[in-house]
Structure formats: C-alpha cells, structure tokens
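This report refers to the structure that appears directly beneath it.
Derivation of every value follows stated rules applied to the coordinates shown; laboratory data play no part. Since this is a predicted model, take the numbers as computed values, not measurements. Every residue, glycine as well, gets a Cβ built from its backbone with ideal geometry; the counts of neighbours run over all protein chains shown.
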C-alpha cells in the first residue's frame, strides 16, 4: 500500500487516500443490488481461493466476509484458531505460508495483535485484508460506516461523534481516519479512562458529557462496552456507565435535530444503548450490516484486480 | 442517427410477435441511452408501453484478469421480471461478441426470457464468438486496430458514429 495507493492489501484506512476510499464506496453501490437479486451471485471471482483466518472469535464480520466471497463466486475456507495448528504452537507466518503453498489468492484475517495484518502482508504474496487487528484498525467496518452515513447525507461537513470505549476500539480508529479524510467533523465522547491521550491532536473534538455530544452531532456511532473493561477497572459498573453515557431515548428527545444512530454490534442493550433507541426510527444498525456485505464485495473485487500500470493500455481497448 | 433508430425500432416491432411482452435492455453506457430512444420509437409504433432496463456486464467479463485495475461497475436495473418476455439487448457497437456473451450470461441469472434478441447501432465485424445481431443500424468495415466511437446527445452533446482508422490515424465515417 505504499504511496497511499489501493494495492495488494487492505490494512487500514490511515494510509488510504480520500480518492481510494471514495473508489471503494462507489464500487460498493452496484454491489448492493446483487444481494437483492433472486440469484445472489456474480462470476467475477470464479476460481479465486480465499482463506478466512480468524484468530479471535467473530460472528458478524466472518459471516459478512463469507457472504461477500460467495456472492462473487470465490472458493472459501474458514480457519478458526481453536482446533487449528495455531494452538499447537505454529507461528502466524508458518500458518500463512502453509496456506499459500496450497495456492490461495487472498487471506482475510482477524488477529488480536495490532499490526498483525501488515506483518503478514509483508511476508506473503497473497492479498491480505485486515478484518480487525488488535486495537489498530478494522477497515471494512470503517468503510461500511462511511457508506451508511453517505446513504443519508454527504459525509463532508457531517458531524459524527463516536461514543464509548474509543481507547480499545479498532472500529473507532478506522472511523476517525476515514471520516477525517472525507471531510467530516469528528468527535469522541466517553469516560476519560477510555479515551486515548492526545486524541485532540488528530483534529478530533472531545466531549466529556454525552448530552453535549448529542447536542452537537448529526450522527452518533455508539461503541460496544466490553464487559472485561469493568474487571480491569476502567468503568465502575455497567449501570453507572448507562446512567452517565448511555444513549437513551430521553437524551435523544432533547437533541436539536434528528440524529442517525449507528452501532458496530454486537450491542449491549441497556449498557451503551437504550433498546428503544436501538429499535427506533433513527437507528441504521441493520443497514450497516447490509452495507457490510456490499463494501466487502467491493474490497474483494478491487484487490483481486490487475495492476495499476496496466490501466492506460487497457483503456484504449474496450471489449465489445 | 434519428432515422437509423427509427428504422431499427420498426425492425424490432416486426420481429416481435407480441409487442406487449417487450423489454429493451441497454448495455452500459451508450446502450442505455440507445435503448431509451428505441423504447420511445417502439412504444409509438406498436402502441404499447415498453419497459426498459440497463445492464452492466463488468462482473461477467472474461478478460478481467488482463484489463489491469478493476473497472468501475455501473448499475444494473431490470424493472420487470424477465420470465416469458421477449427481451432485446441493445448496444452501441458489436465487435468481438464478448460483451453480448457476458450479457446473455447475466440475463440468465435474472430469469428465463421467452426469447432474447440483439439490436446494435453499429456492426463493425471482427467477431470472436458465434454471435450475430437481429437488428443492425449500420455496418462498418473495419480493421482490428480501428476504433469505432458512438456519441449520443444525452451523454456527449451530439449524435455521431466515428471511425478512427489505425492505419491513417484520421477520422471519417
């Protein structure tokens, strides 16, 4: 991905240009329609082999990638860390090299270590798509969030506040990079213990009170509060968190404008979000899930393509 | 071009026993505009509503491995179920036949038309597959390296067919 070009791998949004991000979002648009067809399949990745390598549990992201791959006619294999040779002490690179020796084309990887996707991408020939690496990035989630916002309003100038555990969130990081590049105004809101130090230096506004965030924002992206944060002492209790930072119907009713409510899932109802909000008219949480398949189809399609230097020579010879 | 399209519309009506079952499907990009104009002509001639759709065949191409970076994909919109209909594929230029092959594959994923016809504004020869058009606006003799460009007023501000000869590098039609 040197030079900010959409290259072999998709590791994060930090190093993509605004044009690259727009290309992915524009490409996702026609892919939405494929999932509405009676026959939800196009032959574009026929013969390509993709390995979904998940070292952390994931339901939504893995299934979403798998649907995207199957709807493009790729052949897929799922490897979960439990029950694989990983638990027998094999290193990440050895696992990937063994898979590559079976002639695969792409690896979709979820890993607990930040930077794992880049590490792998530098060491194997196949394309690597980051499906979440530690606290670093979750680029396809960031992209599907951008696509969902863009379905409702132009991203440039939109005020988006990310609420919750920003410190541990790869979703937050990918969102912040993508939103800033496309010209949105970005804020974060949460307990001080869960906001990264120096986040203001990125050009991100910080709200200490969720009421202020709601008054300011056009879009709230509500993050999941992971229950292990309580044990680690970041937050006193889930009830306390809900009382202070919960996105409740009462709080939203005082908003000066209609907000779009997003959540990357899985939700903790009654912890970070009120059930009446999650099921309410302003929630686009299921649209995010639908868009996730389209965005992942777009990424797979674009990364499986040829090389940029062939572009000019191909232009003069359209097939007819 | 208006006269050519008028004649093509007459041909389409003549070759469609049940005009009520017609659907015209334009291939992105210029085929979509041509299908829209043909639909207007056909509707006037046969006194029926003619639904029309658009097809982007990019995801069905057989040359994606060699065209370099992935081309942008345009919208595919089919407003009616194809089953039992008399569908016409409309494109600007018929050359190798590979676009039509891709379009046929794609239509099969949407349903089973009773019949599929092919109408093209320009047939420039040079087929690589056993595919022929049922309705042709004009035939142009070309060499393999020549380019045939179709311009339509909706997208280009003017209607024209231009042949760019590889040998001389000049234009003329």
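Couple of notes before you dig in:
- Dividing the helix sum by the residues of chain B, where each DSSP H run of 4 or more adds -39500 (n - 2.57), gives a mean residue ellipticity at 222 nm of -8500 deg cm²/dmol.
- Translational diffusion of segment A:154-279, µm² s⁻¹ [Kirkwood Rh, Cα pairs; Stokes-Einstein; 10 °C; 1.306 mPa s]: 110 µm²/s
- Relative to the longest principal axis of the Cα atoms of chain A, the long axis of helix A:170-181 makes an angle of roughly 90 degrees.
- Gyration tensor (Cα) of segment A:4-116, equivalent ellipsoid semi-axes in angstrom: 26, 19, 13
- Cβ-based exposure ranking for A:295, B:27, B:152, in which fewest neighbours within 10 Å come first: B:152, B:27, A:295
- In this rough spin-label picture, where each label sits 7 Å from Cα along the Cβ direction, the residue B:47-residue B:128 distance is 4.7 nm.
- Between residue A:211 and residue B:153, the distance separating the two model label sites (each 7 Å from Cα on the Cα→Cβ line) works out to 6.3 nm.
- Only Cα pairs under 8 Å and 6+ residues apart enter the sum, and on that basis the relative contact order of segment B:2-142 stands at 25 percent.
- Cβ-Cβ FRET estimate between residue A:202 and residue A:93, R0 fixed at 41 Å, reported to 0.05: 0.80
- The calculated FRET efficiency for residue B:10 paired with residue B:140, based on their beta-carbon distance and R0 = 35 Å, is about 0.95.
- Across chain A, C-alpha contacts under 8 Å between residues 6 or more apart give a mean separation that, scaled by the residue count, equals a relative contact order of 19 percent.
- Evaluating kT/(6 pi eta Rh) at 25 °C and 0.890 mPa s, with the Kirkwood radius of the protein assembly as shown over Cα pairs in the Stokes-Einstein relation, gives 98 µm² s⁻¹.
- With Cα atoms, 0 to 90° folded angle of helix A:60-71 axis to chain A main axis: 40 degrees
- Note on A:32-45: average number of Cβ atoms from other chains within 10 Å of each residue's Cβ is 4.
- Three principal axis lengths of chain B [C-alpha, angstrom, descending]: 47, 37, 30
- Of A:197, A:302, A:143, the residue with the greatest mean-square motion in the GNM of chain A, using alpha carbon springs below 10 Å, is A:197.
- In degrees, nearest ten, helix A:139-152 long axis to first principal axis of chain A (Cα): 60 degrees
- When chain A is treated as a Gaussian network with alpha carbon springs shorter than 10 Å, the biggest mean-square fluctuation among A:134, A:157, A:89 belongs to A:89.
- Cα gyration tensor category, rounded, prolate or oblate, for segment B:44-140 with a/c compared to 1.5: oblate
- Here residue A:35 and residue B:165 are evaluated by their C-beta separation; at R0 = 45 Å the FRET efficiency comes out at 0.50.
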